[in-house]
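Sharing a structure below in structure tokens format, with a few things to ask.
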Amino acid sequence: MLDVRLYLLQRLTALMMIPLVLGHLVVMVYAVQGGLTAAEILSRTQGSLVWGGFYGAFVLAASIHGAIGLRAISAEVLGLRGVGLTALSWGVFLTLLLLGVRAVYAVTAGGPA
Amino acid sequence: MLEQSILATSVWRGDAEGGEFQRFEVPRRDSQTVLDVVTHIQQELDPSLAYRFACRVGMCGSCAMMVNGVPRWTCRTHVSKVSGNVSGGGGELQIAPLRNLPVIRDLVVDMAPFFDKWTAAEGVFRPSETRAAPMAKVQPGSPARAAANAGIECINCAVCYAACDVVAGNTDYLGPAALNRAWTLVNDARDGGQAERIDAVSSEGGCHNCHSMGSCAQFCPNALNPTAAIAGLKRETVKAKLGWRR
Ligand code: SF4
Ligand code: SF4
Ligand code: FES
């Protein structure tokens, strides 16, 4: 149940996520060199606008992308249509967004500026 | 003379309410097609069997059925190709009505939803000139004409429609044949209904639901490639949405 708008959004968010996933992986591999502690991660992310923006964009793209994907699957596999389908799509989007934003907030807010 | 081998055939019998497979033993012959088998059953064994065909030479598109679980044009499908090699016997054949369409009776399905979707996809030529206008000049080698040519030999058999799993899961999906037809018209320089067509194939049941798995292209008896046509529609609809389409 995709129209051209949802199709485009799904492609655009996929495009956005390619560099974000790569950046995430590269930093992860780099960061675990010489051990990994919560304090070390937080020292990098807390108060950082860059990491806040990076993971904020990631969360937004993933929430949109995931919600559209699950929308297509639930339409085809569960036969969902109309209001139910719209509600499910928005529900998935908002839930993912909320969870993601909470996590981003938790690691970037506060701490040494 | 050798004893004639027998083809163990099961044929689906029933209507919209349901039904079951019925067994028939059909003498195996040289160069026998699946349609020959069905015709033999109807003429010699059970005259009440309902099925549909017309041209018998792969032009009309009316004889498609599920043969051993796969959609095929039965008049051009040789039994030897599909019946398997059961030693000592003539092989086995299971014949059922086309998938993804409502059954009317036995092997006959209602093609109305299939053709309704051609209309819904704006698979109709919309003239941009009157008959008084001079004949349009279309360069045979132009990319648009080549794209249209690749898709125009469709015989409306609905084999691709039966093969498509998205149609099976989403009754609103316009399906490969209707979208392939729309794509040939998108590439027709003489057509004046492009904006409406782009809208029609951009809708909820439109081309963006295709998963590009290619079952339609794999089973199309005329070796058309609706998957590629639909990819073309996706490109053009995105361009139109972003205002890049001239
Ligand atoms: S490529 Fe698209 S239209 Fe063709 S069978 Fe797959 S989903 Fe259906
Ligand atoms: S595209 Fe091929 S399989 Fe589909 S209706 Fe046309 S001829 Fe038949
Ligand atoms: S009978 Fe016409 S295509 Fe098979």
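The values are calculated or read from the model by the stated rules, or taken from the named source; none is laboratory data. Computed from a prediction, not measured in an experiment: that's the story for all the values here. Glycine gets a Cβ as well: all are built from the backbone with ideal geometry, and neighbour counts include every protein chain shown.
Might you let me know whether the range B:230-237 holds any residue that is in contact (Cβ under 8 Å) with a residue 24 or more places away in the chain, within 16 Å of ligand 3 (Cβ to nearest atom) and either surrounded by fewer than 23 Cβ atoms within 10 Å (Cβ to Cβ) or not assigned by TED's automatic domain parsing to the domain that holds B:ASN156 (or both)?
no
Starting from the range A:1-22, take each residue that is within 13 Å of A:ALA61 (Cα to Cα) and within 14 Å of another protein chain (Cβ to nearest Cβ) and list its partners that are of a type in the set (Lys, Arg) and surrounded by fewer than 17 Cβ atoms within 10 Å (Cβ to Cβ), counting only C-beta distances under 9 angstrom and pairs at least six apart or across chains.
A:LEU8/B:LYS241
From the list B:ILE230, B:ILE198, which one is within 14 Å of chain A (Cβ to nearest Cβ) and closer than 18 Å to B:GLU153 by Cα?
Numbers: B:ILE198 fails: closer than 18 Å to B:GLU153 by Cα.
None of the others qualify; the one that does is B:ILE230.
If only one of B:ARG76, B:ARG99 is in the same structural domain as B:HIS40 (by TED's automatic domain parsing) and in contact with a Phe, Trp or Tyr (Cβ under 9 Å, 6 or more places away or on another chain), which one is it?
Details: B:ARG76 fails: in contact with a Phe, Trp or Tyr (Cβ under 9 Å, 6 or more places away or on another chain).
Answer to the check: B:ARG99.
Determine the pairs where a residue that is closer than 15 Å to B:CYS164 by Cα, located within the range B:96-107, has a partner that is aromatic (Phe, Trp, Tyr) and surrounded by 20 or more Cβ atoms within 10 Å (Cβ to Cβ) with Cβ atoms under 6 Å apart, the partner being 6 or more residues away or on another chain.
B:ASN100/B:TYR161
Given the residues B:ARG145, B:ARG131, which is the only one that is more than 14 Å from chain A (Cβ to nearest Cβ), away from ligand 3 (no atom under 16 Å from the Cβ) and at pLDDT 95 or above?
Working: B:ARG131 fails: at pLDDT 95 or above.
Step by step, each of B:ARG145, B:ARG131 is checked, and only B:ARG145 is more than 14 Å from chain A (Cβ to nearest Cβ), away from ligand 3 (no atom under 16 Å from the Cβ) and at pLDDT 95 or above.
Pairs only if they're at least six apart or on different chains, beta carbon under 6 angstrom, first in the range B:153-164 and within 19 Å of B:VAL124 (Cα to Cα), second within 12 Å of ligand 3 (Cβ to nearest atom) and not basic (Lys, Arg); list them, first residue then second.
That search, which allows pairs on different chains as well, returns B:GLU153/B:ASN222; B:ILE155/B:GLY61; B:ASN156/B:GLY61; B:CYS157/B:GLY61; B:CYS157/B:ALA64; B:CYS157/B:TRP73; B:ALA158/B:ALA64.
Listed here are the residues, each with its yes/no results for (1) among the hydroxyl-bearing types (Ser, Thr, Tyr); (2) crowded, with 24+ Cβ neighbours inside 10 Å; (3) closer than 13 Å to B:VAL124 by Cβ; (4) within 16 Å of ligand 3 (Cβ to nearest atom).
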| residue | (1), (2), (3), (4) |
| --- | --- |
| B:ASP172 | no, no, no, no |
| B:ALA182 | no, yes, yes, no |
| B:LEU185 | no, no, yes, no |
| B:ASP188 | no, no, yes, no |
| B:GLY192 | no, no, yes, no |
| B:CYS207 | no, yes, no, no |
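Before we move on, is B:GLY84 more than 10 Å from ligand 3 (Cβ to nearest atom) and surrounded by fewer than 18 Cβ atoms within 10 Å (Cβ to Cβ)?
On the way: more than 10 Å from ligand 3 (Cβ to nearest atom): yes; surrounded by fewer than 18 Cβ atoms within 10 Å (Cβ to Cβ): yes.
Yes: the conditions hold for B:GLY84.
Conditions first: (1) in a loop (DSSP other than H, G, I, E, B); (2) among the hydroxyl-bearing types (Ser, Thr, Tyr); (3) under 19 Å from the mean Cα position of the chain (by Cα). B:THR119 passes all but one, so which condition is the exception?
Failing condition for B:THR119: (1).
Which members of the range B:170-214 meet the condition of being in a helix (DSSP H, G or I) and within 15 Å of ligand 2 (Cβ to nearest atom)? It would help to see each step written out before you state the result.
Here is the first cut: in the range B:170-214, the residues in a helix (DSSP H, G or I) are B:176-186, B:194-201, B:207-209.
Selection gives B:PRO176, B:ALA177, B:ALA178, B:LEU179, B:ASN180, B:ARG181, B:ALA182, B:TRP183, B:THR184, B:LEU185, B:CYS207.
Let me ask something else about it. Quick check: anything in the range A:32-53 surrounded by fewer than 17 Cβ atoms within 10 Å (Cβ to Cβ) and within 14 Å of chain B (Cβ to nearest Cβ)?
Checked against the condition, which is being surrounded by fewer than 17 Cβ atoms within 10 Å (Cβ to Cβ) and within 14 Å of chain B (Cβ to nearest Cβ), the range A:32-53 yields no hits at all.
Restricting the search to the range B:163-185, which residues are within 14 Å of chain A (Cβ to nearest Cβ) and farther than 13 Å from B:PRO71 by Cβ?
Just the residues of the range B:163-185 that are within 14 Å of chain A (Cβ to nearest Cβ), to begin with: B:164-175, B:179, B:182.
Within the range B:163-185, B:VAL166, B:GLY169, B:ASN170, B:THR171, B:ASP172, B:TYR173, B:LEU174, B:LEU179, B:ALA182 qualify.
All but one of (1) closer than 17 Å to B:MET65 by Cα; (2) assigned to a loop (DSSP other than H, G, I, E, B); (3) of a type outside the set (A, V, I, L, M) hold for B:CYS160, so report the exception by its number.
It is condition (2) that B:CYS160 fails.
Same structure, new question: Out of curiosity, is B:THR74 closer than 22 Å to B:ASP15 by Cβ, within 14 Å of ligand 3 (Cβ to nearest atom) and touching a helix residue (DSSP H, G or I) at 6+ places or on another chain (Cβ under 8 Å)?
Working: closer than 22 Å to B:ASP15 by Cβ: yes; within 14 Å of ligand 3 (Cβ to nearest atom): yes; touching a helix residue (DSSP H, G or I) at 6+ places or on another chain (Cβ under 8 Å): yes.
For B:THR74, the condition - closer than 22 Å to B:ASP15 by Cβ, within 14 Å of ligand 3 (Cβ to nearest atom) and touching a helix residue (DSSP H, G or I) at 6+ places or on another chain (Cβ under 8 Å) - is met.
Looking only at strands (runs of 3 or more DSSP E) that fall completely inside the range B:1-105, which ones have 2 or more residues that are away from ligand 1 (no atom under 16 Å from the Cβ) and more than 24 Å from the chain's Cα centre (by Cα)? Walk me through how you get there before you give the answer.
Working: elements: B:6-15, B:18-27, B:64-67, B:70-73, B:92-96, B:103-105.
Result: B:6-15, B:18-27.
Mind checking whether some residue in the range B:112-125 is among the basic types (Lys, Arg) and within 16 Å of ligand 2 (Cβ to nearest atom)? Full working, then the answer.
Pass one, the range B:112-125, residues among the basic types (Lys, Arg): B:117.
When the remaining residues are screened for being within 16 Å of ligand 2 (Cβ to nearest atom), the result is B:117.
Checking the range B:112-125: at least one residue is among the basic types (Lys, Arg) and within 16 Å of ligand 2 (Cβ to nearest atom).
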